Amino acid sequence: MVRSKTQGAEVEGPTEYELEVQRNKEANKALMATVMKGSLIPLAPSQVQKSSVTPKAKKPVHKRKAEPVEPTRRSSRVSKQVITHQELPDDSEHDLDLPIKERKKTVSRTMKPKRAASSEEEEGKLPNKAPRTNGKVFGAIEGIEVGKWWAFRDECGRAGVHPPTVAGIYGGADVGAYSVAVSAGYPEDMDLGDTFTYTGSGGRELKKKNLRTAPQSSDQTLVRGNAALDKSAQTGNPVRVIRGYKAALGPATGYRYDGLYKVVRSYTALNSEGKYLVYKFDFERLPGQPPVDYGAKERALAEEEAKAAEGEAEAAEGNAKDAKTTAEAMPTPPGSGDETK
């Protein structure tokens, strides 16, 4: 607003800017009225208002040429898993009828590459291990002589003499027992070498705490190994016997093959505590086999005890000599001996 004095009073009038805005509004109204009537009259060049803002010039856009992209290196393990049409099975088109989850399973199984078999596996051998021999035969294993010794029970099992790594009886109720391991597992066992009484298995809670041995807590039953030994008592088939280092007549260490035995009797009795029923089996060694040195362990233990006693005696004698030498080297205190007057 511009203020002006008229007859001693101030009168406010519009500024030039406000007048310009008013003219523009009237021109716009006239233009709109013309448009609404359907006859557009072009404005004179003098009526067209030019903007005072100069538009900025657009910068030319230069398109960059696409550079060739080198293929990403992929691991040989990943590249082996890439699947092609040729690797798909002939009936892969039938997978389209399956649900999506089943299709994924089929594709994932197809994409997994098969591991090439090693030369040892092709020959039926494993590295650092002998080939496993079938132990489901009655009688001796070819190439295994009486007295054969193994440091570990697994080696004995791979040789086919007694395959189980824990169980003491190997066989089945329908055919009988192929082999047993004597290892002083029960207090009722009695071992005299060429004859021994073997207590059956069962009647102990082993599964709850994953134990290998536990006190007797129930009666034994005629199943599994017990049934196999009972069957052997009926058929009379020979049973291979190994003795472990825990057996009274076994080796000092490891496991030893003691030849073929026969189950001559199968019966039940109360255990050593007189509480529970156990199965017992009497064994007799078959004649015509090389003898077994059942006293080797006892002699080895006696030799070890003798060496230990000899070492203790030598140590005591050495300590006595050291004490005497130390006493002689010490000076005699004054006044302890005779004095010359």
Just to be sure, is residue 222 aliphatic (A, V, I, L, M), surrounded by 20 or more Cβ atoms within 10 Å (Cβ to Cβ) and part of a loop (DSSP other than H, G, I, E, B)?
-> no
Taking residue 161 as meeting all but one of (1) surrounded by fewer than 17 Cβ atoms within 10 Å (Cβ to Cβ); (2) farther than 16 Å from residue 281 by Cβ, write down the number of the exception.
-> (1)
Filtered residues of segment 253-276 (kept if of a type in the set (Phe, Trp, Tyr) and touching a residue at least 24 places away in the same chain (Cβ under 8 Å)) = 255, 257, 261, 276
Of all residues making up segment 127-186, the number that are outside any loop (DSSP other than H, G, I, E, B) and not aliphatic (A, V, I, L, M) | 15
Within segment 281-306, track down each residue that is free of Cβ contacts under 8 Å to residues at least 24 places away in the same chain and closer than 22 Å to residue 177 by Cβ.
-> 287, 288
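Computed from the coordinates by the stated procedures, all read-outs in this text should not be read as laboratory data. Values in this document were obtained by computation on a predicted structure and should not be read as measured data. Because the Cβ atoms are built from the backbone with ideal geometry, glycine has one as well, and the counts that use them run over all protein chains shown.
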